Amino acid sequence: MQKMSLKHTTKTLVFLNEHHDNCTLCGRAFEKDDTTHLGYINDKTLVNIGNCCSGNLTETIIRHVFRKRVYEIPPNDTVLWRFMDFTKFVSLLSTSSLYFTRADLFSDPFEGAKGVLKNKKKWDKLYLEFFKSAIENPPEPEPEKEKKSKDYVTIEAKRLLSQLDSIGSRQQTETFINCWHENPYESEAMWKLYTSNLAQGISIKTTYYKLYRALNRNPSISIGRVNYIDYNKEFAGINDSFWYKRKSFEHEKEVRAIVKGFSSNGDYGKLIKVDLNILIDKIYISPTSPTWIIELVKDVLVKYGLNKKIEHSELNEKPFH
Ligand SMILES: [Zn+2]
C-alpha cells in the first residue's frame, strides 16, 4: 500500500471496502497483481478501477496491487444466528453493543494458529528462504559494490523470522472476534453447543448485510466466512490466520467479524456499538424454555424500546404420524 493520502477518508475507505473485487466502471473482476486506482472521474464520481479504465481518472486517491481477500464475504441475504444465554441477551440490549472476544481466550488452541507444531520446521525453512530472497533481491537494484555478504543475509533473515514469531503471539491478544453461525434453518445442534443452560437459550437471527449495516459499515471490521483446512497439509497465511480453523470445526459454519490492531490493555474483549433495530431480524427462544421466559424477553424488549418478533423455537412444533 502506498502512503495514505489526506483525501482517503472514511467515505472512500468504505467505498473501497465495498468495491474491492471489480472495476466499478466496466465490471471486470480484478486479477492478482492488477493495479487498482481509487479516485474520481470527470463527473466527480468516486471509482475503484483497473488499468482497463484508468484513462478516465481525473484524480487519484490511492493505488493498490490487487490481492483477493482470503475470506469470502457471504451474499447479503445469508441468514446468520447468534446463540446466547438470557444474561448475554440482556447485556446485548443494555449496552447496544456486540461483544468481540480477545482471540487468545477462545477454547480452540488453534485460534489464529499458522500451522501445527510438528510442521514448524517446514514453516521456518519456507520463510527463511523467502526473507533471504527478499533481502538479496530488493525492489530497487543496488550497485555491485553494495551487494550483501552471505552471512549478512542469513543473520538478517533469521532476525526477521524470529520477529515473525513474536508478531504471531502478539496478534493473539490484539485481535477481537465476534462469531455467528450460518444456516438458513434453525439448528438443534447449535442450541446445545452454544448455550450453557439450554432452557434459557436465546438466539438472534439476522443476515450478513444487516450485521454489516448494524456495525455502521465500519471498514475496519472485516466480516466473512471461516475457511476450514487440514493443518497437516496447509499453513494459514501470515496476516490471515484468524480466517482459518481446523476441518473438525466445519459443522460450525462460522461467519465472523474481526477487528485487529488495538492493544488489549488487559481487556478480555471489546464492546462495539451496534444498531439493534437493524441487527435483529427475529428473536428465537430455545426449544426447551418455559413460557415465562418468553414473557420475560417481551418485558426486556419493551424496556429497551425494541419492537421485534419473538418466536418459540420451531424445533418445538408437534408432529403427527
Ligand atoms: Zn475497467
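The values are calculated or read from the model by the stated rules, or taken from the named source; none is laboratory data. From a predicted model like this one, the values you see are computed outputs, not experimental measurements. Neighbour counts are summed over all protein chains in view; Cβ atoms, including those assigned to glycine, are modelled from backbone coordinates with ideal geometry. The accessibility values were calculated without ligands, DNA or RNA, using every heavy atom of the protein model including side chains. Shrake-Rupley method; radii C 1.70, N 1.55, O 1.52, S 1.80 Å.
Quick check on this structure: which one of LEU57, LEU46 is open to solvent by less than 80 Å² (accessible area, probe 1.4 Å), more than 18 Å from the chain's Cα centre (by Cα) and within 12 Å of the ligand (Cβ to nearest atom)?
One residue alone meets the criteria, LEU57.
Select, from GLY224, GLY237, GLY266, the only residue that is surrounded by 15 or more Cβ atoms within 10 Å (Cβ to Cβ) and not in a helix (DSSP H, G or I).
GLY224
Out of THR24, THR101, THR35, report the one residue that is among the β-branched types (Val, Ile, Thr) and surrounded by 17 or more Cβ atoms within 10 Å (Cβ to Cβ).
Result of the check over THR24, THR101, THR35: THR24.
Going by what's in this entry, would ARG63 be described as in contact (Cβ under 8 Å) with a residue 24 or more places away in the chain, closer than 24 Å to SER220 by Cβ and within 16 Å of the ligand (Cβ to nearest atom)?
yes
Could you list, ordered by first residue, the pairs with Cβ atoms under 6 Å in which the first is in segment 254-270 and of a type in the set (S, T, N, Q) and the second is in a strand (DSSP E or B), at least 6 apart or interchain?
Close Cβ pairs satisfying both conditions: SER264/ARG102.
Among the residues in segment 75-94, are any closer than 21 Å to LEU13 by Cβ, at pLDDT 95 or above and open to solvent by 70 Å² or more (accessible area, probe 1.4 Å)?
Within segment 75-94, one or more residues are closer than 21 Å to LEU13 by Cβ, at pLDDT 95 or above and open to solvent by 70 Å² or more (accessible area, probe 1.4 Å).
Counting just the residues of segment 245-263 that are on the phi < 0 side of the Ramachandran plot and among the basic types (Lys, Arg), which one comes out surrounded by the fewest Cβ atoms within 10 Å (Cβ to Cβ)?
LYS247
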